[in-house]
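Everything below concerns the one structure shown next.
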Amino acid sequence: MISALALAFILPLVEGAAEAARLAANPITQPGTNVPGLAFIDTSFENASPLWYDVAADGTIQVHLLYDHERAAPNRAAGHVHLLLQGTPGTRLTLEFLNLDNVWNGKSGSVARELKTVVVSTNGRDWQTLTTQALPTNRVQVTVEMPGPRLYLARVEPYRLSDLDRWLAAIRKNRLVGITPIGQTVQGRGLEIVRIGQPSAPYRVFLRARAHPWEAGGNWVVEGLVHRLLLGDAGARKFLQSYCVYILPVANKDGVARGMTRFNASGMDLNRNWDHPADPDVAPENAALERWLEGMIRDGKRPHLAMELHNDAGGLLHISRPGIPELNRHLARMAALETSLRQHTWFTEGSTKATFRNPGSLGDGWCERFGIDAVVQEFNCNWIAGLNDYPSARHWQAYGAQLATVFHEYFARVKP
């Protein structure tokens, strides 16, 4: 048995050896060394990643992402990438991303195997995809050329709170739109439910995006769906005669503003703990949504279908199997939803295996606690198999527009 006193002497030696090994594998130049052509990595803007950087002996810029941590757990996450390179036009820069050793459910992992692409833009609006190179010890590298003095680099096409504000302003005055405040985030940012259509419609759909801050794809999907429903043509009128849509467009506003990866500002995962009432002190975002949902149920307006929108490197439809009396009927309806997705969208990735369950997720918790058919829809952040193309805001918007048809067919088929 090693005494606490001995450990006090041994641990610093072990940690020092580990640090020496890291430096040997990734030698750092002397402080003050510059990279020719690089003036600065700017992270002062909205949604930028928290990070620090240094320079290896070969001139590689080593970008150390900062983790965000889960409350009362060993779990941590880094994977949001959004930064601005400032430098000399024509310069080629090689960036190496470190601190990708995530921990989930108490187990070590890495986001390096999932970070296969990034996007770059000179203006923060028009993006081009670049592939990355995986390196040993959970590192990822990408080389860019500065087309001008500024180049944004992100993991996926960003969707910022200013984009949300712009979008809400654009649709607010439409007679088919209702925007209802429901509460605030940890840091006091307002949360809203966006309604599209008439509350008296026979069926109701709920969608939530951005529970995890880096996963911007869901916001583009939401915009595509709403744009399609507000076109005012015969198809849109047919859809809105069948169903009304309710949307929480950005669930984790604090995380999005701060460039975080997974948790809210109090260290809570907003796509967990739905198997019991939300704690309003540490997860006010979920508590606000829960109050809204309970009010809808009291008013006889329980949603018939809920979709939680996410990004990952798989793109599956996550169909959970909670302990409910009519599980087989729920699974049959979810099979009908998957069939409609395959028929009317570019979705081809499929669904989770027959034994899958994800307790505490919105997809599982809403089904078990509130009797709502609910699923988690992931969108692959690296590749869209059904389009044989890299993902983009344009592709995700198109998917959202196609969801309008999916919902119409789903309700016509299953009549929940």
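The values are calculated or read from the model by the stated rules, or taken from the named source; none is laboratory data. Note that the structure is predicted; figures quoted are calculated from it, not measured. In this analysis, Cβ positions are derived from the backbone assuming ideal geometry, glycine residues included, and neighbour counts consider all displayed protein chains.
Here are 339, 348: which of them is in the same structural domain as residue 365 (by TED's automatic domain parsing), surrounded by fewer than 17 Cβ atoms within 10 Å (Cβ to Cβ) and within 21 Å of the chain's Cα centre (by Cα)?
348
With the condition being touching a Gly at 6+ places or on another chain (Cβ under 6 Å), I'd like the helices (runs of 4 or more DSSP H) fully within segment 132-251 carrying at least 1 qualifying residues.
Because the criterion is at least 1 residues that are touching a Gly at 6+ places or on another chain (Cβ under 6 Å), the helices (runs of 4 or more DSSP H) in segment 132-251 that meet it are 217-229, 234-242.
Criterion first (modelled with pLDDT of 95 or more, over 28 Å from residue 384 (Cβ atoms) and buried (at least 16 other Cβ atoms within 10 Å of the Cβ)) does residue 117 satisfy it?
No: the conditions fail for residue 117.
Yes/no per residue for (1) over 21 Å from the mean Cα position of the chain (by Cα); (2) in a loop (DSSP other than H, G, I, E, B):
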| position | (1), (2) |
| --- | --- |
| 357 | no, yes |
| 360 | no, yes |
| 376 | no, no |
| 386 | no, yes |
| 396 | no, no |
| 416 | yes, yes |
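Would it be correct to say that residue 261 is closer than 24 Å to residue 220 by Cβ, assigned by TED's automatic domain parsing to the domain that holds residue 165, among the hydroxyl-bearing types (Ser, Thr, Tyr) and surrounded by fewer than 20 Cβ atoms within 10 Å (Cβ to Cβ)?
Here the answer is no, as residue 261 does not meet what is asked.
Looking at (1) out of contact with any His (no Cβ under 6 Å at 6 or more places or on another chain); (2) surrounded by fewer than 19 Cβ atoms within 10 Å (Cβ to Cβ); (3) closer than 30 Å to residue 162 by Cβ, which one does residue 41 not meet, given that it meets all the others?
Tallying (1) out of contact with any His (no Cβ under 6 Å at 6 or more places or on another chain); (2) surrounded by fewer than 19 Cβ atoms within 10 Å (Cβ to Cβ); (3) closer than 30 Å to residue 162 by Cβ, residue 41 fails exactly one: (2).
Being in contact with an Asp or Glu (Cβ under 6 Å, 6 or more places away or on another chain) and loosely packed, with under 15 Cβ neighbours inside 10 Å is the requirement here; does residue 92 meet it?
Taking the combined requirement at face value, the residue satisfies it.
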